[in-house]
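Here the structure comes first, spelled out in structure tokens, and everything after it is commentary.
What follows is calculated from the coordinates using simple rules that are stated; it is not laboratory data. Being a predicted model, the structure only gives us computed values, none of them experimental. Using ideal geometry, Cβ is built from the backbone for each residue, glycine included, and neighbour counts are taken over all protein chains shown.
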Amino acid sequence: MAQVSLQKITRQFGNVSAVENVTFEVPDRAFWVLVGPSGCGKSTLLRTIAGLETITRGELYIGNKLVNDVPARQRDVAMVFQNYALYPHLSVADNLAFGLKMRRENRSQIASRVREVARSLDIEHLLLRKPKQLSGGQQQRVALGRAIARQPQVFLLDEPLSNLDTQLRDDTRAELKQLHQRVGITTIYVTHDQVEAMTLADRIVVLNNGRVQQIGTPQAIYANPLNMMVAGFLGNPPMNILPATYDDGRAILGKNQSIPLNSTLKHRLQQIQGKKFELGIRPEHITLERSQLEDGDNCLILEVDLLEPLGRETLIKAIAPESNLRLNLLTDAYWQGKKGDRLTVRFDPEKLFIFDSNSGMAL
Ligand SMILES: Nc1ncnc2c1ncn2[C@@H]1O[C@H](COP(=O)(O)OP(=O)(O)OP(=O)(O)O)[C@@H](O)[C@H]1O
Ligand SMILES: [Mg+2]
């Protein structure tokens with residue numbers, strides 16, 4: 001087992017940087033998740049660590065060894081690819097055993113290891129089949145099993161659950177977490193799914209346009225996003241981000257509504273140029289007032305545009321009349337309302353975020 005250290009890693013294709021100046025260090029036995037939108041460079045970064053992409057600039061260490069020039073097969077890492085390339089001519093059992101056979105381990109040890117891994121992933125009944133006789137989800141579990149069977153120094157997993165149905169994905173996700181707790185192999189896991197990132201990671205690395213946006217525990221990133229990209233990416237439904245103007249201790253929103261700001265925010269906003277900023281609030285921090293208050297000082301008046309029942313709660317997509325202010329809020333599943341209804345809502349003043357309109361950075 002080993003730590004993985006990236007020092008200013010850049011990977012360019014022609015003059016386009018898929019990964020730009022990325023630095024972080026995954027400690028031995030940790031579970032880190034790389035997350036970000038499609039095309040942000042997640043797979044490229046993982047393939048770089050695996051040795052499948054050359055490094056344009058920077059240094060990569062596995063354990064304490066500089067591995068820039070070490071070929072993939074000598075890095076003792078196991079990668080599960082986004083498209084889970086299995087060996088089509090080999091049975092499931094032989095796919096699982098492949099890495100162990102390459103290492104010339106003895107037969108009975110290989111057989112028992114294959115059975116153990118197959119049992120933990122619930123694919124024991126498929127051992128004699130060929131990959132083309134499996135569903136996408138089953139193939140994906142075989143690919144995962146093949147990596148697990150090898151017990152490498154480092155696991156690199158590229159969206160390993162993306163082809164599973166919801167139930168199986170939740171089960172396999174829990175399985176992976178338990179497996180990691182049991183064997184403690186250093187793991188770097190790529191996903192664009194923020195729920196997976198939040199539930200699995202010791203630390204999350206948020207990427208956008210090939211660059212690191214923020215690194216931290218799921219809780220820290222959720223509570224203190226460093227910029228609007230991170231704020232909008234983690235959380236479902238996402239944070240509302242509304243254009244606002246600062247005036248006399250209040251945030252003016254839409255045509256002519258406003259909410260008060262606490263002293264910390266007022267202090268930070270005093271320095272901004274042009275008085276324009278972006279106000280962030282998560283849907284769960286907006287409360288619906290039961291009584292129909294008049295245009296109360298500290299409330300906003302909105303209109304229901306769309307209702308989305310989510311089971312345990314209902315998502316209300318609301319708009320402010322006469323302006324194009326749109327925001328999402330949550331209410332209980334029994335809430336009775338319909339399109340066009342008027343709402344009075346209150347923002348929790350302690351849960352507001354403010355961002356610079358130009359740079360997107362948290363203020
Ligand atoms: N071999 C290549 N040649 C040129 N450009 C490439 C190559 N591989 C990747 N790219 C580009 O690099 C960027 C990052 O791609 P990458 O596959 O790492 O994204 P990703 O974050 O894994 O996305 P997804 O979530 O869709 O899998 C993209 O803009 C992609 O088009
Ligand atoms: Mg990818």
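In the chain, helices alone account for a calculated mean residue ellipticity at 222 nm of -7500 deg cm²/dmol, with every DSSP H run of four or more residues adding -39,500 (n - 2.57). Taking 15 Å as the cut-off, the amide N atoms of the range 213-256 that come nearer than this to a point 7 Å along the Cα-to-beta-carbon line of Thr264 belong to 220-226. Just so you know, the Cα atoms of the chain work out to an Rg and Dmax of 24.6, 79 Å.
Using the Cβ-Cβ distance between Asn209 and Asn324 with R0 set to 35 Å, the FRET efficiency works out to roughly 0.80. Membrane-span-like helices in the chain (whole DSSP H runs, Cα extent of at least 18 Å along the helix axis, mean Kyte-Doolittle hydropathy of at least -1.0): 107-120, 136-150. Here the spin labels are modelled as points 7 Å beyond Cα on the Cα-Cβ line, and at Ser135 and Arg104 they lie 4.2 nm apart. For Ser112 and Lys65, calculate 0.36 nm times their separation in residues minus their Cα-Cα distance, and state this gained length in nm to one decimal. Length gained, Ser112 through Lys65: 13.7 nm. Ranked by the mean number of other Cβ atoms within 10 Å of their residues, highest first, the peptides 317-324, 88-95 come out as 88-95, 317-324. Taking square-rooted eigenvalues a ≥ b ≥ c of the alpha carbon gyration tensor, is the range 185-311 rounded, prolate or oblate, where a/c under 1.5 means rounded and, failing that, a/b exceeding b/c means prolate? The shape class here is oblate. So which of Lys255/Lys338; Lys65/Lys177; Lys65/Lys101; Lys65/Lys132 end up more than 32 Å apart by C-alpha? Cα-Cα > 32 Å for Lys65/Lys132; rest within.
Expressed in nm to one decimal, what extension gain is obtained for the pair Gln271 and Arg73 from 0.36 nm per residue of sequence separation less their Cα-Cα distance?
The Gln271-Arg73 span can extend by a further 65.8 nm.
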